[in-house]
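Before any comments, here is the structure.
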Amino acid sequence: MIQSKHPIARSIIQRCQAHNIKHIVISPGSRNAPLTIGFTANDFFECYSIVDERSAGFFALGISQQSLEPVALVCTSGSALVNYYPAVVEAFYSRIPLVVISADRPNHLINIGDGQTITQPHVFGSHILYEANLKEDLKKSFIKSFKRNNSIITKAIEVANTSKGPVHINAPFSEPLYETIEVLKNDTDDNLSHSIVPSISLPKSIIKRWHSSKKKMILVGVNQPESIRQLYLDLIGEDSSIVVLTETTSNLHHSNFFSSIDQLITPLDATDFEALQPEILLTFGGMVVSKRIKTFLRSYAPKYHWHIDPVQANNTFFCLTKHYKCTANTFLEHLLNTNTLSIDSAYFKTLNEIKKRRLDKHKDYMKSIPFSDFKAFESILKHIPANSMVQSSNSSTIRYLQLFDLKTSLTIFCNRGTSGIDGSTSTAVGASCVSEKPTVLITGDLSFFYDSNALWNNYIPSSFRIIIINNRGGGIFRILPGNKNSENFTTFFETNHSLTAKSISEHFNFDYMSASSTEELDTKWKKFYSLSTRPKIIEVFTPSTENDRILLSYFDFIK
């Protein structure tokens, strides 16, 4: 098998294979040639060529999001590396394992005016879990450097695997860069360390406190589909003293769970909030979208807040009392698998009655409003095929999704680590490449145009679908407080524009269609989701000046 002559390149490739890192996203360059030669010559790896490093970073993040395994990113030296930063930060806060491998100039060429060089060590600051700065010692200390390099490469990959987040391996390469040698195909390092899943033993006092409490709230943030055993979901769903609040990105479903959190709690008054205030708050999963639930739990804090996560706990509500370092399944097994009967409570019943009234009001409101963002989402969500993966962009898009009961067969993903608009399309494309489910991306116009290089990609499946809500600017800013009538608002906040996605669709070989009314939109779905040889885009044009009024009036209507 052909490999680079550079020992550092061979070490990196051997350890990636030994740790079962299969997906390698490479941005073309020259300084990273030793790595590119090695990865692409080894049929163990699935290699992708993505020119734009910013898009490549999110593409890799999408693959890791779905595969639940580390994905390697490979780039040349200089500014190429810095373009990974948005994806690295998202991976850091979303707990997604990325292994960033950057080629670098040798040390004596740094900061002397040589081309395509920056100071690459420590470039990601506090937003990575581990950094391996390799040394290229070609003379006296070769053996010592070789052993050190192997050790910290292994450490970086293990940290990405066990702690779930981004790591950085920086590899200097001297010229010549393209010389190769023949190596044995099975020349890999199989000396792996295996992580141990944390376990716990719950004190009897904690179990007793849980089962004796009449007001227990479980709040679930970003969560992988089918990750929680159905037995536990049924047990907590049937307990009258438990209220389970799930977000769209929680991917948890039970007839007694409460989705659409903002719909449920926004119209509540102080008396209602006091009645809803939990004695015990149990949380697991990642970031929470709903700003209103954060405000509620910070203002009406529970006496006990327990968070379950094998690695970390965010004190999101400023009342964290205990972090249990284990999986949710392990915790629930210890908490629920007892003969103790839960106490009778009206906690669930009270909120469930409110939920029923909200749903009736929701239906009435949707019948009464004209075509708008809100009305478009009703049509969109009604027609998404069952068993699809839905990727959502941020800002208005994910917030509208939170107001609807979605089909339980759908899986929902969104980059909520930093909540940015910069890589939603690239993430969705990466996810679609490894998912068995057809992928539907729902995005706003600014998010789509901002990440349009995501379509400069040779791996997009023909089943990939993009739905663009084009309200001619950043619709989220019309919902937020501010002077919406000033010139500064439309230019510097809303960023008003007259662009459409039609020419971009044609340029990147997508089928394109559009709609500007409910009736027109409803007639397009059959064709949009029909089989084709090319991916498709539908652009939905909505009235920018009406969307904020319609959404804000919604919460008054459903009281």
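Nothing in this text is a laboratory measurement; each read-out follows from the coordinates by a stated rule. The structure displayed is predicted, hence computed values, not measured ones. Cβ: placed from backbone, ideal geometry, glycine included. Neighbour counts: every protein chain shown.
Structural remarks
- Rounded if a/c under 1.5, otherwise prolate or oblate - region 204-353, Cα gyration tensor axes: rounded
- Here is the tail figure for region 486-545: Cα pairs spaced more than 20 Å apart come to 42 percent of all pairs.
- Separation of the ASN488 and ASN314 label points, Cα + 7 Å toward Cβ, nm: 3.1
- For CYS433, CYS414, CYS16, the sequence from fewest to most other C-beta atoms within 10 Å is CYS433, CYS414, CYS16.
- Förster radius 45 Å - calculated FRET efficiency between PHE142 and LYS291 (Cβ-Cβ, nearest 0.05): 0.20
- Charges were assigned to the Cβ only: +1 to each Lys and Arg, -1 to each Asp and Glu. The resulting dipole of the chain about its Cα centre is roughly 1140 debye.
- Rounded to the nearest angstrom and listed largest first, the equivalent-ellipsoid semi-axes of region 374-484 from its Cα gyration tensor are 23, 18, 11.
- Separation in nanometres of the label points that stand 7 Å from Cα toward Cβ, at SER49 and ARG298: 4.9
- Bridge orientation summary for the chain: considering DSSP beta bridges with both residues in this region, about 5 percent are antiparallel.
- One decimal place: the segment GLU175-THR350 gains 55.9 nm when fully extended, by the rule 0.36 nm per residue minus the C-alpha distance.
- Calculated log₁₀ intensity ratio I(q)/I(0) where the Debye formula runs over C-alpha points of region 2-182, q = 0.14, 0.15 Å⁻¹: -0.66, -0.77
- Likely footprinting exposure, HIS497, HIS6, HIS19, fewest C-beta neighbours within 10 Å first: HIS497, HIS19, HIS6
- Ignoring aspartates and glutamates fewer than eight residues from LYS527 along the same chain, the ones with Cα atoms less than 15 angstrom from its Cα are ASP511, GLU519, GLU539.
- Extent of region 422-467 along its three principal axes (Cα atoms, max minus min coordinate, largest first): 28, 19, 14 Å.
- In straight-distance terms, cross-link reach from LYS325 covers every one of the aspartates and glutamates whose alpha-carbon lies under 13 Å from its own, apart from those fewer than eight places away in the same chain; here that gives ASP309.
- Since only LEU336, TYR459, THR248 are under comparison, the one whose Cα sits farthest along the positive direction of the charge dipole of the chain, derived from C-beta charges on Lys, Arg, Asp and Glu, is LEU336.
- Restricting the calculation to Cα atoms, region 32-113 yields a radius of gyration followed by a Dmax of 13.5, 43 Å.
- Sites ILE343 and LYS367 - FRET efficiency at Förster radius 35 Å, r taken between beta-carbons, to 0.05: 0.25
- One chain, two ends: SER530 and LEU499. Fully extended at 0.36 nm per residue, the span grows by 8.5 nm beyond their Cα-Cα distance.
- Calculated from backbone phi, Karplus (6.51, -1.76, 1.60) coupling profile of region 141-151 in Hz, x at Gly/Pro: 9, 4, 5, 4, 5, 4, 5, 5, 4, 4, 5
- Given charges at Cβ of Lys, Arg, Asp, Glu: the chain dipole, positive-most of LEU521, ILE110, LEU401: LEU401
- Largest-first ellipsoid semi-axes for region 296-360, taking √(5λ) over the Cα gyration tensor eigenvalues, angstrom: 26, 20, 12
- Cβ-to-Cβ counts within 10 Å put ASP234, ASP548 in ascending order as ASP234, ASP548, the fewest first.
- Per-residue ³J(HN,Hα) for region 56-67, Karplus 6.51 cos²θ - 1.76 cosθ + 1.60, θ = phi - 60°, Hz, x for Gly and Pro: 4, x, 6, 4, 5, 4, x, 5, 5, 4, 8, 7
- Inverse of mean 1/r across different Cα pairs in region 369-557, Kirkwood, Å: 16.8
- Simple rule: put +1 on each Lys or Arg Cβ and -1 on each Asp or Glu Cβ in region 338-395, find the dipole, and look at HIS383, SER368, ASN352; the Cα lying farthest toward the positive end is SER368.
- Contour excess over end-to-end distance, with Cα ends at ASP360 and SER205 and 0.36 nm allotted per residue: 51.6 nm
- Label-to-label distance, nm, for residues given as ASN329 and LYS382 (7 Å Cα→Cβ offset): 3.8
- Entries in LYS214/LYS361; LYS363/LYS407; LYS215/LYS361; LYS355/LYS437; LYS214/LYS291 that, when Cα-Cα distance is taken, lie over 20 Å: LYS214/LYS361; LYS215/LYS361; LYS355/LYS437; LYS214/LYS291
- Alpha carbon centroid spacing (whole Å) that separates region 284-299 from region 213-247: 16
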